[in-house]
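The block underneath contains the structure these notes are about, expressed in structure tokens.
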Amino acid sequence: MSEPTIAVVLPPRERFRPRDAGAVAMIVRDFTLASRFRDHIVVVGTETEPFADVAFCSLQAQGAWLLGQNLAYVRQVIAWLKARPSVRLVEVHNRTALARQIKRALPGLKVTLHLHNDPQGMKGAKTASERTALLRQLDGLYAVSGYVRRRLLEGVTEPGCPVTVIHNALPRRPRADGLSRQPWLVFAGRFIPEKGVLELAEALVRVLPEFPAWRAVFLGAAGFGQQAGGSLYEQKVYATLAQVADRIDLRGHVPQEEVMRVLAQAAISLTPSTGIDAFPRVPLESMQQGCAVIVSAMGGLPEIAGDAAVVVDPVTGDTLADALRPLMADPAALERLAAACTARAEHFRVETLVQGLDAARDSLLEISR
């Protein structure tokens, strides 16, 4: 590649690798590959086995034992940027302190922050005064959903840098050949209370005995890379599912390729979050792979659903069961919902949404069109 103009800075623990990439890593990779700035972008992080199709700089946080990983990483990033005069724009993902420290150290650089979570739950953006300072100091902010943008601007009365909604997006990925649709319900994600896994388990205890042909597949664990079943919450979920154990497939954390194979076969995918989900990737992938999708009303999930997916509010065992029964009982209704969700997925193609990101880059880099 030519000398980089844009540096995309990942959080220090982000796994930017094929084996078990995090959601932020996959989004960064997809947008980089689709961007017309692709040959001028370098991704910066700590990964030592990165994706091979994106220019990547691996920085090891020297002195982390003394300074702590975050501060050591900040210093490494700033030192790297000082040695790269070709870089004119820095895009920091999901770390407010990192973005602000880079801007303070290198005020001549354009520095933006890409928010993937509710800012009011993030250090450095919890209060209106902190968010006001963030908007005044940085050169631009990107929010993954309208929900995140609203939360960022809540209580902010002073003007600041522009805030652009850049929805998470997916590259075109055809459904795998040779896989037939199965009567499966699938959940993919972390086994934590905010994801509504226990409520889903309670719903399955109600509906699976009514529909003998159906079964449920769970992909995930309490934490990435952790063995499934290790947390008290997981054990509570497992105890609930024991009543229908012969109809449950608990696979734990699996590679992304297996997630996609399961989604390509499943009939229904559920994201029943009870905590804030800013704009998760799984329902997008589920729509793309032809699943009928059920989500909660939390965070940015209604923006994904549009008028296609089923939105459940509130999330309880009963409300999820009520949403599932009509689809499990009526193949035609299930097929209509799946078709609507597949069409909805076209709104979130990276080839389209990257144009908004690249337009913001144009403005920041003062490139005439």
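With respect to the conditions (1) under 22 Å from the mean Cα position of the chain (by Cα); (2) in a loop (DSSP other than H, G, I, E, B), GLN182 lacks only one, and its number is (1).
Looking across the stretch 1-43 at every residue that is buried (at least 20 other Cβ atoms within 10 Å of the Cβ) and acidic (Asp, Glu), the one that is farthest from ALA55 (Cα to Cα) is identified as GLU14. The strands (runs of 3 or more DSSP E) located wholly in the stretch 200-284 that include 2 or more residues which are more than 28 Å from HIS167 (Cβ to Cβ), in contact (Cβ under 8 Å) with a residue 12 or more places away in the chain and not β-branched (Val, Ile, Thr) occupy 215-219, 248-252. In the stretch 337-369, the qualifying residues are those that are surrounded by 14 or more Cβ atoms within 10 Å (Cβ to Cβ) and basic (Lys, Arg), and the one that is farthest from GLY140 (Cα to Cα) is ARG344. Of all the listed residues (ALA203, ALA188), the sole one being under 14 Å from MET260 (Cα atoms) and in contact with a Leu (Cβ under 6 Å, 6 or more places away or on another chain) is ALA188.
Can you find a residue in the stretch 22-37 that is acidic (Asp, Glu) and either at pLDDT below 95 or more than 27 Å from MET260 (Cα to Cα) (or both)? Quick ask: steps written out before the conclusion?
In the first step, residues of the stretch 22-37 are kept if they are acidic (Asp, Glu); the result is 30.
This time we only want the ones that are either at pLDDT below 95 or more than 27 Å from MET260 (Cα to Cα) (or both), so: none.
The answer is no; no qualifying residue exists.
Just so you know, in the stretch 155-179 the residues that are in contact with a helix residue (DSSP H, G or I) (Cβ under 7 Å, 6 or more places away or on another chain) and farther than 23 Å from PHE348 by Cβ include one that is modelled with the lowest pLDDT, and it is GLU158.
Touching a helix residue (DSSP H, G or I) at 6+ places or on another chain (Cβ under 9 Å) and assigned to a loop (DSSP other than H, G, I, E, B) - does that describe any residue in the stretch 344-355? No, the stretch 344-355 has no match at all.
Here LEU204 clears all of (1) over 30 Å from SER35 (Cα atoms); (2) within 23 Å of the chain's Cα centre (by Cα) except the condition numbered (2). Scan the stretch 319-336 and give yes if some residue there is under 18 Å from the mean Cα position of the chain (by Cα) and touching a residue at least 40 places away in the same chain (Cβ under 8 Å), otherwise no. No, that holds for no residue.
Determine if the stretch 195-210 includes at least one residue that is among the β-branched types (Val, Ile, Thr) and surrounded by fewer than 19 Cβ atoms within 10 Å (Cβ to Cβ). Yes, some residue in the stretch 195-210 is among the β-branched types (Val, Ile, Thr) and surrounded by fewer than 19 Cβ atoms within 10 Å (Cβ to Cβ). State yes or no: is ILE78 of a type in the set (Val, Ile, Thr), surrounded by 22 or more Cβ atoms within 10 Å (Cβ to Cβ) and at pLDDT 95 or above? Here the answer is no, as ILE78 does not meet what is asked.
The values are calculated or read from the model by the stated rules, or taken from the named source; none is laboratory data. All of these numbers come straight from a predicted model, not from anything done at the bench. In this analysis, Cβ positions are derived from the backbone assuming ideal geometry, glycine residues included, and neighbour counts consider all displayed protein chains.
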